[in-house]
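Engineer: There's a structure below that I have some questions on.
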Amino acid sequence: TLTYSRYAFNTDFGLNSNYNSNIGSESYDILFGYISGIEDYAARIDFDYSPNPNHDIKFGYSYTHHNFFPGETNLSTSLSFNDSIDFSLDTILNFSENINVHEMFFYLEDNIKITNRLKANIGVHGGYYSLDKFSVQPRISARYLLNENWSMKLSYAEMTQNIHLLSNSSVGFPSDLWVPAIDSVPSQSSQQIAGSINTTLEDGKYELSLEGYYKKMSDLITYKAGYSNLQSTDSWDNAIETGGQGESYGLEVFLQKKTGRTTGWIGYTLSWTNRQFDNIDFGAWYPYKYDRRHDISIVFSHKINEKWDVSATWAYGTGNAITFPQALYFSNPHTNWNGELVADLVESYGSRNSTRLNPYHRLDIGFTHNKKKQKYERLISFGAYNAYNRKNPFFAYLAYDNNGDRIARQVSLFPIIPSISCRYKF
């Protein structure tokens, strides 16, 4: 397998103003752009080997060349006075130089049939990262059949990730930047254990499972208090806290109907994802940006007759955790040039990620008409994404209303989107 991929987070915005003063007309235009991303070239080879019916061995090797461009800012400024340009500036600020990294891994695993009731997968993942070190990551999972209808599964895995996701969870436009592990920012690692119990009901018509998991993470990163990719004028590695800890744990219930004219499934997950850094909130644990307490998915499909099918999907999730102002207070009282006593208005943000955006939910529906001919089959599908036009939050920002009061506003994307398609099978 040969792969090329490129991801870029690109932001552009501007400010402009025109006004008249006692000494003439003045105007300014400021254009600001920020780009950060990663470009990869990769090659991979995988093998399957089955020496006998009790063993299914898989092994392979992968090489990836990463090119990181963690942060480049373009700034264009022009000022004019009485319709004549007084000043203009175009500049590129490279807060971080491009970083080239070599990453390789080798894996070996064996699906073993120990008995008729017990099967296991035992493997090891060995990784090399040119800016950090070599790592050995064992993985093991097992399934045991209690009887014809009940089974149990248990797994354990150690993982190392050499690329960090640096997310901004404050008010304003969100950002997800991918940055490399370097000498001052070690690779992150995790250990995860998971277990489940599964059963089939009514001769295989239904499948029911209950699964729990716990994941521990180390060497995480996050922005320092008051920093983000658009606010820092320094290299990204000087704007972050390192050495963080994390934990994720939860419970999932899954029920699926597999046969009949009506099929589908219902899944519910109750989960927690928390982070801890010595210099954030005095070392207290706080919820991660993507901590999602409740997650519900309902998928439904029904065959009305030989020609018509209908399907629907409903999804619900707790809103993202963000850092939002909790109070306002006045600071630095002083006298202005008119002799009036004034003070600065300061926003107090409180604990990190202590506020939630509105929950996310939407309904997708679809209908399919199937017409079979002697030489071909035609399928016409039409439906709607976000059928009831839910305004799900993308991000929130602070503004002022007509009365001059401080308010929060929500930005939403993707309203109801209808669709239609036609397919032919020969």
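Engineer: Projected onto the charge dipole of the stretch 247-295 (+1 at Lys/Arg Cβ, -1 at Asp/Glu Cβ, origin at the Cα centre), which of GLY264, ASN274, TYR288 gives the Cα projection farthest towards the positive end?
Structural biologist: With unit charges placed on the Cβ atoms, the residue in question is GLY264.
Engineer: Further question on the same structure: Which shape class applies to the stretch 109-219: rounded if a/c is under 1.5, otherwise prolate when a/b exceeds b/c and oblate if not, where a ≥ b ≥ c are the square roots of the Cα gyration tensor eigenvalues?
Structural biologist: Judged from the Cα gyration tensor, the stretch 109-219 comes out oblate (a/c at least 1.5, b/c at or above a/b).
Engineer: How about the stretch 324-417: which trypsin sites (Lys or Arg not before Pro) there are in a DSSP loop, with at most 10 other Cβ atoms within 10 Å of their Cβ? List each step's numbers first, then the result.
Structural biologist: Values: sites: ARG352, ARG356, ARG362, LYS371, LYS372, LYS373, LYS375, ARG378, ARG390, LYS391, ARG406, ARG409; in loops: ARG352, LYS373, LYS375, ARG390, LYS391.
When the trypsin sites (Lys or Arg not before Pro) of the stretch 324-417 are filtered for loop state and at most 10 Cβ neighbours within 10 Å, LYS373, LYS375 remain.
Engineer: With springs connecting C-alpha atoms under 10 Å apart, model the chain as a Gaussian network and identify which of TRP285, TRP236, TRP337 has the largest mean-square fluctuation.
Structural biologist: Result: TRP337 has the largest fluctuation of those listed.
Engineer: Please give the net charge around GLY243, taking every other residue with its beta carbon less than 11 angstrom from that of GLY243, where Lys and Arg add +1 and Asp and Glu add -1.
Structural biologist: Details: positive: none; negative: ASP219, GLU241, ASP278.
Taking every other residue near GLY243 into account, the sum is -3.
Engineer: So, one more: [x] 89, 56, 44; [y] 100, 50, 40; [z] 202, 49, 39: which one is Cα extents along the principal axes in Å as calculated from this entry?
Structural biologist: [x]
Engineer: Further question on the same structure: Could you pull out the chymotrypsin sites (Phe, Trp or Tyr not before Pro) across the stretch 353-425 that fall in loop regions by DSSP (anything but H, G, I, E, B) with no more than 15 other Cβ atoms inside 10 Å? Let's see the in-between values first.
Structural biologist: On the way: sites: TYR360, PHE367, TYR376, PHE382, TYR385, TYR388, PHE394, PHE395, TYR397, TYR400, TYR424; in loops: TYR376, TYR388.
Listed in order of number, the matching sites are TYR376, TYR388.
Engineer: In the structure displayed, which of LYS119/LYS153; LYS119/LYS215; LYS216/LYS289 lie more than 19 Å apart, Cα to Cα?
Structural biologist: On the way: LYS119/LYS153 10 Å; LYS119/LYS215 24 Å; LYS216/LYS289 17 Å.
Check vs 19 Å cut-off fails for LYS119/LYS215.
Engineer: Note down the net charge around GLU211, summing +1 for each Lys or Arg and -1 for each Asp or Glu among other residues with Cβ under 15 Å from its Cβ.
Structural biologist: Details: positive: ARG143, LYS153, LYS215; negative: GLU207, GLU252, ASP295.
Around GLU211, the charge tally is 0.
Engineer: Additional query: Quick check on my link table: of LYS372/LYS425; LYS258/LYS425; LYS257/LYS307, which ones sit more than 18 Å apart, alpha carbon to alpha carbon? Don't jump to the answer; show the numbers that get you there.
Structural biologist: Values: LYS372/LYS425 9 Å; LYS258/LYS425 25 Å; LYS257/LYS307 22 Å.
Beyond 18 Å between Cα atoms: LYS258/LYS425; LYS257/LYS307.
Engineer: When only C-alpha pairs under 8 Å and at least 6 residues apart count, what is the relative contact order of the chain, in percent? Working shown, then result.
Structural biologist: On the way: 1106 pairs, mean separation 34.0, N = 426.
Averaging sequence separation for qualifying contacts and normalising by length gives 8 percent for the chain.
Engineer: Once you mark the GluC sites (Glu not before Pro) that are in a DSSP loop and have at most 16 other Cβ atoms within 10 Å, what is the longest gap between them in the chain? Provide the component values of the computation, followed by the final result.
Structural biologist: On the way: sites that count: GLU97, GLU148, GLU202, GLU306, GLU340.
My reading of the result: 203-305 is the longest stretch.
Engineer: For the chain, which whole-number percentage of the solvent-accessible area (1.4 Å probe, protein heavy atoms only) is attributable to carbon and sulfur atoms?
Structural biologist: On the way: 14100 of 25650 Å².
Carbon plus sulfur share of accessible area: 55 percent.
The values are calculated or read from the model by the stated rules, or taken from the named source; none is laboratory data. Since the structure is predicted, the reported quantities are computational estimates derived from the model, not experimental observations. Methodologically, a virtual Cβ is constructed for each residue, glycine included, from the backbone with ideal geometry; neighbour enumeration extends over all protein chains shown. Heavy atoms of the whole protein, side chains included, go into the accessibility calculation; ligands, DNA and RNA do not. Shrake-Rupley method; radii C 1.70, N 1.55, O 1.52, S 1.80 Å.
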